[in-house]
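The values are calculated or read from the model by the stated rules, or taken from the named source; none is laboratory data. Small disclaimer: the values here were computed from a predicted structure and weren't measured. Glycine also receives a Cβ, built like all others from the backbone with ideal geometry; neighbour counts cover every protein chain displayed. Protein only, heavy atoms only, side chains kept; ligands, DNA and RNA dropped before computing areas. Shrake-Rupley method; radii C 1.70, N 1.55, O 1.52, S 1.80 Å.
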Amino acid sequence: MNNVFDVIVVGSGVIGSSIAYHLSESKNHEILLIDKDFPLSGTSGSTQAWVWVHSKVPSWYGELSMFSAELYPFLEKKIGDVEYKRTGGIAPFFNEAEREKAWKLVEQQAEVGIDIEVLTRNEVLEKEPSLSPYVAGATFSKLDGNVNPFRLVELYVKAAKRNGVQCSFYNQVIDIEKSGDIFRLETYKGVFRAKKVILAGGPWSKDLGSMLGVEMPVKQVRGQILVTEPLQPFLKYTIGGIRQADNGEVLIGYSKEEVGYDRRSTLDVIQQTAKMATDFVPALAKANVVRTFSGIRVMPKDGFPIIGEIPNMDGAYVAVMHSGITLSPLVGTLMTELLTDGETSIDLTRYSLARFEGV
């Protein structure tokens with residue numbers, strides 16, 4: 001393998017693989033995609049894989065999510081079927097006090113063109129009859145949906161390879177140094193050099209940043225998911241916390257625990273998740289759970305993506321965020337613009353690492 005590149009992307013999850021693919025489309029760069037494990041071994045392979053827009057606030061963050069969701073149909077034409085389904089999304093609430101908040105969300109998101117409906121109990125049950133009759137209402141948007149994360153990442157990587165991207169998996173980066181205009185990456189499999197480096201290591205971004213003397217203000221958040229046996233299709237929409245996959249399995253869960261890199265499933269959260277499921281969809285009480293899994297999300301300190309150049313370090317970039325499935329098509333596009341043209345079609349100032357300086 002060549003050991004000198006124009007760009008090295010560290011991290012082959014949905015964000016890193018998207019950046020490598022989009023950057024490779026012009027075929028003007030020698031690119032290395034490197035990972036300490038293999039694609040889908042981390043967060044991107046341990047997710048419900050929502051493409052979720054309507055409740056992302058403030059509205060400028062919702063707008064970013066909407067722009068990215070709009071790219072999915074075009075992405076499929078380029079890399080293949082990732083089983084993207086724009087099902088529409090329902091976020092139920094169970095008391096009338098939540099309705100006022102729902103109307104405020106409608107008003108806020110309308111400023112950027114995100115169309116949301118506030119549904120009555122009857123309207124919710126007409127759309128999704130399997131939801132609990134105790135539901136008070138819901139917010140609903142046609143913009144939301146889901147995707148198959150395994151196909152998505154696999155097809156990103158395959159398309160990148162077709163465009164000449166070299167990959168080095170099971171190869172942990174041990175150290176990163178900058179000498180002049182060149183970055184030197186020491187790894188288990190040798191030394192690689194590049195003019196530009198992109199840190200897209202998800203939960204491991206803090207460790208990668210420290211190699212460059214950069215503080216990455218992120219934490220790890222565990223989420224646990226229950227998976228049922230395949231059931232006859234009965235859930236039409238993507239519901240906050242629950243969705244039914246193409247194969248009939250129902251994926252349940254949206255827990256948040258700060259436990260570092262611990263990916264174990266725990267009985268207390270499994271029980272809480274099962275109760276949430278039956279409160280939302282009573283028929284699930286009769287379903288068998290066939291497995292559980294946990295994933296570690298990366299969560300920036302303020303909850304919003306960190307995208308763009310690393311301040312005061314020419315040639316170094318970062319792309320770290322939760323909601324990577326939703327944002328991957330757009331982030332890949334914007335990072336390609338940034339590396340190729342030095343500017344982006346959407347202002348990334350709000351998402352710069354520089355916003356944390358002095359915090």
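Taking chymotrypsin sites (Phe, Trp or Tyr not before Pro) across segment 122-174, the ones in a DSSP loop with at most 14 further Cβ atoms lying within 10 angstrom of their Cβ are Tyr134, Tyr170.
Ordered by 1.4 Å accessible area with all protein chains kept, Met299, Met335 run largest first as Met299, Met335.
Using Cβ point charges alone (K and R +1, D and E -1), the dipole size of segment 245-359 about the Cα centre works out to roughly 680 debye.
Annotation for segment 218-301: chymotrypsin sites (Phe, Trp or Tyr not before Pro) lying in DSSP loop with at most 16 further Cβ atoms inside 10 Å of their Cβ are Phe234, Tyr254, Tyr261.
Hand me the trypsin sites (Lys or Arg not before Pro) from segment 219-261 located in a DSSP loop with no more than 16 other Cβ atoms within 10 Å, in residue order please. Sparse-neighbourhood loop trypsin sites (Lys or Arg not before Pro): Lys236, Lys256.
For segment 208-359, the spread of Cα positions along the three principal axes, ordered from largest to smallest, is 57, 31, 21 Å. When DSSP beta bridges are restricted to pairs lying wholly in the chain, around 70% turn out antiparallel.
Kirkwood Rh and Cα-based Rg: tell me the resulting Rg over Rh for the chain, rounded to two decimals. Can you show the working numbers first?
Numbers: Rg = 20.7 Å, Rh = 21.1 Å.
Answer for the chain: 0.98.
When only the Cβ of Lys, Arg, Asp and Glu is charged (+1, +1, -1, -1), the dipole of the chain relative to its Cα centre reaches about 780 debye.
Which residue, Pro73, Trp50, Asn3, has the largest displacement toward the positive end of the dipole of segment 1-74 when charges sit on each Cβ (Lys, Arg +1; Asp, Glu -1)? So the residue furthest toward the plus end is Trp50. Each residue was assigned an accessible area with a 1.4 Å probe, and for Glu126 the value is about 150 Å².
Ligands, DNA and RNA are left out, and with a 1.4 angstrom probe the accessible area of the chain is 44 Å² per residue. Taking all protein chains together and rolling a 1.4 Å probe, Val289 ends up with roughly 80 Å² accessible.
Remark: segment 1-73 carries a charge dipole of roughly 140 debye about the Cα centre, counting +1 on each Lys and Arg Cβ and -1 on each Asp and Glu Cβ.
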